[in-house]
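The values are calculated or read from the model by the stated rules, or taken from the named source; none is laboratory data. Bear in mind that the values here come from a model prediction, so they are computed numbers and not experimental data. Here the Cβ positions follow ideal geometry from the backbone for every residue, glycine too, while neighbour counts run over all protein chains shown. Remember, those area values only see protein heavy atoms, side chains included, never the ligands or the DNA or RNA. Shrake-Rupley method; radii C 1.70, N 1.55, O 1.52, S 1.80 Å.
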Amino acid sequence: MIQKKICLLGASSVGKTSLVKQFVEGIFSEKYLTTIGVKIDKKTIFLENEEIQLMLWDMEGNDTYNVFQERYLRGAAGYIIVVDQTRATSLHEGLDIHTLVRQVTDCPAILAINKSDLPATWNMDDSENKSYQNLFDLQFSTSAKTGSNVEEMFSALAKLLLRS
Amino acid sequence: MTQLLNKVINALEQIILEVIDTNTGTVKWVEGDGEWAIDLFPNAGNQQAFAINEETPFLQDFLFDATLIWQAAENGKLRSGLWTETTHTNKELYLEAIAIKQDQHNLLVITNQREDFEFQQKTKQLAREVLLSYDRLFLKNEYLHTRLLSILKQPPEQSNILTTLTKVIENAEFAVLIASSDFSTNIENSAAIKLFDQGTLISSQPSRPIDIILRLMQNQLPEYERILSTNSSWDGELCWISPPSTLKWLKVAFYPVKNKLNEVENWIIFANDISTIKHLIQRNEQLALQDMLTELPNRFSFLQMLEKHIAAKQPFYLLYIDINDFRRHNEFYGHDQGDKLLIELSKRISAVVKTSDFIARVGGDEFAIMLNNIDNQKACKIAIQRIIDSINKPFHTKKSESFNISISIGAANYPHDGQSVEELMKFVDLSAYNGKKNRKNSVQFYSQSMKDASHHLIIVEQNLRQAIKNNEFELYLQPIIDIKTNRINKAEALIRWNHPEKGLINPDDFIPIAEKSGLIIAIGEWVISRTCQMAKQICDLGFDIKISMNLSPSQVTDNNLFAYLSTCINDNKINPRLLELEVTEGVLVDDYSAAEKLLSNVRTIGMSVSVDDFGTGYSSLSYLKKLPLDFLKIDRSFIKEIVADDNDKAIVRAVISMAHNLNLCVTAEGVETKEQLSFLVDNSCNSVQGYIFSRPIKLDYFIKLLHEQK
Ligand SMILES: Nc1nc2c(ncn2[C@@H]2O[C@H](COP(=O)(O)OP(=O)(O)OP(=O)(O)O)[C@@H](O)[C@H]2O)c(=O)[nH]1
Ligand SMILES: [Mg+2]
């Protein structure tokens, strides 16, 4: 069985834990319980006749109370930068984290624009959108609440990892 | 001994594993036990070696870093950070590992950190929820503010404004009040009535929400009078206590809505009940006195500290630092860049003040510093210079664009200038406000003359407002001569103020004040409309003469300018080809995107554009290439010495050839002598303007000149 480490990164309260919960257990909670430190969840998926175990590293969000630590990325096969489309600042924080991660690894990266069930408070024009797309291998608009694109995102990433 | 040790280790909720093989991660359990530890390693028999494997993936991963410690020659240790492990019995453990090398022993200590985890969980949860609430509040306020402004700025003919406003504010989740300039009348939403409801117990007439807010501001803000008299906006927190049972924390935003004459027509006031947020914060002592963003002490904490020092009669200097044009910066780069700037600034200032000094963030873009153990202005100035030096270095946006900011500092001394917290805060606020005359760094010590000067400004502003109403302005025309034909083909329109008592006043003496007070928009519109009339009149007489008019920086950024210009052109039925806009080089650089948009628009309809005062400021060629331009006007300062000064000669030649390369024509300003003229002719300058031909003159005289040249 192949094992792949995937890190979820981003500002606090963007929905990292919720995405993992939705993907692994199929549940969602409105209540916000902030993550402290790191929690690892596992999920096995089948892809092209292969069994892949995803080790999902859900990490505490980065903000004034918790600075980004690159060492948790060691050994990561890929990572997901999660941003919250109701808070424009989370996009900028996400991009900052992305820049920091890029200094230590070149592994595939995904941008998850989460909370797609809520109205967005920032407008990306096409050129902006493109320039972000260029920074990432894939980009998804997800909702941990409705489950929209969650499964798709993780399996697309797994597929990418399988090939590389 | 070992028994005691074991007890201690158990009490600490730790287990100690000795590493047997660093390569395979094989360890032996040597000390400590407990249910949690058995849950964690169910397969580890007592004193038996076992391997740390993917059952505990975080720990397995940590072994990589730990091995570096264990294989090193020196003693050392490394902590893993907190992680959550779900056991096979589905319990969650909150753990931390420490890799230790001590005298040839390789150890792995695992601690059950449940308490620390829960503490962190609680405080960070709280802090993050507070951050989120503030974020949301900010968004909602911003949105409604923009919406209301756009409604209030509609022309009054659209008489259903009141109905629209009432509808829009009724849907807001927080209190919204829109008051007349003197606060005598206002509309408010039901959220406002609910927020300020004092119950039915009170026998006397209940106060109106607006009166309550004003009273709170008056009592709690030393800068209250300044805000009202200068028509400034304010936002911050107020505490409303109304016995027997009301204690509410309000986040209040207070914005003026001004007309073209810079008079306040309405006030928009938002009040959000943030008592719950405050309450959350207050549970956490440290946060209550801290500014969330910069982590500096907040306003309340600063006022407390001031009180303390005053009570102890310890002399100090109080500084008030205000970032110039912060709003503009925020609009240009975005709200989060603004936050970033505030954090960076607070760090820089903190780094240059002494540990005995006290710095706090006391408002949106305002910082206050108490310089202790200083009793003379000279020492204070040295401290201030350190602060200015620290902010003079460029700042960077997240996209690594660099930019500079400037600040205004107000300073006052205790006990010399004021003896109470209110007085001192009021004085430094006023001083800083007064320093804001330009975009440069400024320092103002509190003084009588400063008070007088600010009074003078207010008078001039009032006079200007009168002048607009009474039509006291006049446009003069200064002819511009085309060198090839040696005839007038253009004129620059220049404003003069015909003051009823003081006579003719030059623009230099009033335009800066108009610019600062916002009156420039009204004056600028008068200039545009008058220019159009004049151009029409001249054209109707059969002359093909272009008139150029000057735009000030605020006009360039005024969203309505182009619409106004188009209306005037249509009303006067003139060909836009007969009009030209002149903007200064500085505007093009400072407000590049606004300028580019406006200039492209005007050129699309056929007007031309010239750059005034060229060469005095930035001389950045990059924008010249990018912007839609037709003419460069070489500043008079170069022309003045052109005959004697070889440098100026070289500059003027270079400018002309560069301009021609970019397909721009060149006009020389301030030409006074024949020698200057012949130099310009020899070097293919396109047109000239100056006393050698004519001063700025009145319209009828200008027309006479045109007839003579016919
Ligand atoms: N409507 C909606 N809410 C979401 C979505 N994802 C997460 N949330 C909510 O957002 C809040 C934060 O979600 P978390 O998953 O805890 O966020 P996190 O990124 O793990 O936060 P930290 O652990 O603090 O860094 C919770 O109240 C969730 O219910 C989503 O897709 N839609
Ligand atoms: Mg989380």
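Things worth noting here:
- Buried between B and A is an accessible area of approximately 2700 Å², summed over both sides with a 1.4 Å probe.
- The range B:49-118, accessible area per residue, ligands and nucleic acids excluded (1.4 Å, Å²): 50 Å²
- Treating r as the C-beta distance of B:SER133 and B:GLN3 and R0 as 35 Å, the FRET efficiency rounds to 0.10.
- Summed over qualifying helices (DSSP H, 4 residues or more, each -39500 (n - 2.57)) and divided by its residue number, chain B shows a 222 nm mean residue ellipticity of -14000 deg cm²/dmol.
- For the protein assembly as shown, share of DSSP beta bridges that run antiparallel, in % to the nearest 5: 70 percent
- Lys pairs, the range B:595-691 - Cα-Cα below 28 angstrom, 8 or more residues apart or on other chains: 12
- Note on A:66-77: average number of Cβ atoms from other chains within 10 Å of each residue's Cβ is 2.
- Each peptide in B:141-151, A:139-149 was scored by the mean count of other Cβ atoms within 10 Å over its residues; highest first, the order is A:139-149, B:141-151.
- Heavy-atom accessible area, 1.4 Å probe, ligands and nucleic acids excluded: residues of the range A:22-39 down by at least 30 Å² from chain alone: A:TYR32, A:THR34, A:ILE36, A:VAL38, A:LYS39
- Given R0 = 45 Å, the distance between the Cβ atoms of B:GLU225 and B:ASP508 translates into a calculated FRET efficiency of 0.90.
- Per residue convex hull volume, Cα atoms of chain B, in Å³: 270 Å³
- Cross-link reach list, aspartates and glutamates versus B:LYS484, counting only Cα pairs under 12 Å and skipping chain neighbours closer than eight places: B:ASP682
- Rg to Rh, two decimals, where the range B:294-446 supplies the alpha carbon set and Rh follows Kirkwood: 0.96
- Full-stretch length increase - B:ILE651, B:ALA51 - with 0.36 nm per residue and alpha-carbon distance subtracted: 208.1 nm
- Heavy-atom accessible area per residue - the range B:294-446, 1.4 Å, Å²: 46 Å²
- Value in Å of the Kirkwood radius, where the range B:2-112 supplies the Cα pairs that are averaged: 14.1 Å
- Summarising the label geometry, the points placed 7 Å from Cα in the beta-carbon direction at B:LEU541 and B:ASN489 lie 2.0 nm from one another.
- Cross-link reach list, aspartates and glutamates versus B:LYS313, counting only Cα pairs under 15 Å and skipping chain neighbours closer than eight places: B:ASP375, B:ASP417
- Karplus-derived 3J(HN,Hα) values for the range B:300-307, using 6.51 cos²θ - 1.76 cosθ + 1.60 with θ = phi - 60°, are 5, 5, 5, 4, 4, 5, 4, 3 Hz; glycine and proline are entered as x.
- Accessible-area composition of the range A:2-163, carbon plus sulfur, in percent [1.4 Å probe]: 48 percent
- Remark: the Cα gyration tensor places chain A in the rounded category, a/c being less than 1.5.
- Cross-link partners of B:LYS7 among aspartates and glutamates, defined as those whose alpha carbon lies under 20 angstrom from its own and excluding same-chain residues fewer than eight positions apart: B:GLU18, B:GLU31, B:ASP33, B:GLU35, B:ASP39, B:GLU96, B:GLU115.
- Residue pairs, from the table B:LYS251/B:LYS378; A:LYS115/A:LYS159; B:LYS278/B:LYS347, whose Cα atoms sit over 31 Å apart: B:LYS251/B:LYS378
- Amide N of the range A:41-80 lying under 19 Å from the label point, which is placed 7 angstrom from the Cα of A:ILE2 along Cα→Cβ: A:42-57, A:75-80
- Per-residue extension of 0.36 nm, minus the Cα-Cα distance of B:MET658 and B:ALA73, leaves a gain of 203.8 nm for this segment.
- Charge tally in the Cβ shell below 10 Å around B:LYS398, where Lys, Arg are +1 and Asp, Glu are -1, B:LYS398 excluded: -2
- FRET efficiency estimate (nearest 0.05) - Cβ-Cβ, B:GLN533 to B:HIS707, R0 22 angstrom: 0.70
- The accessible-area ordering, largest first, of the residues B:TYR255, B:TYR433, B:TYR701 stands as B:TYR701, B:TYR433, B:TYR255, per a 1.4 angstrom probe.
- Cα pair distances exceeding 56 angstrom across the protein assembly as shown, given as percent: 28 percent
- Anisotropy class assigned to the range B:458-709 is rounded, per the alpha carbon gyration tensor with a/c under the 1.5 cut-off.
- Distance between modelled label sites at B:ASN498 and A:LEU118, nm, 7 Å Cα→Cβ extension: 6.2 nm
- Residue-averaged beta-carbon neighbours from other chains (10 angstrom radius) around B:124-130: 5
- Around B:GLU265: net Lys/Arg minus Asp/Glu count, Cβ-Cβ under 14 Å: +2
- Among the listed pairs B:LYS124/B:LYS440; B:LYS354/B:LYS398; B:LYS399/B:LYS490, those beyond 32 Å (Cα-Cα): B:LYS124/B:LYS440; B:LYS399/B:LYS490
- Helix-only [θ]222 nm of chain A, DSSP H runs n ≥ 4, -39500 (n - 2.57) each, per residue, nearest 500: -9500 deg cm²/dmol
- Three-way shape call for the range A:95-164 based on the alpha-carbon gyration tensor, with the a/c threshold at 1.5: oblate
- The distance between label points at B:GLU173 and B:TYR143 comes to 0.9 nm (points 7 Å beyond Cα on the Cα→Cβ vector).
- Summing charges over neighbours of B:LEU40, with a neighbour being any other residue whose Cβ is under 10 Å away from its Cβ, gives -3 when K and R count +1 and D and E count -1.
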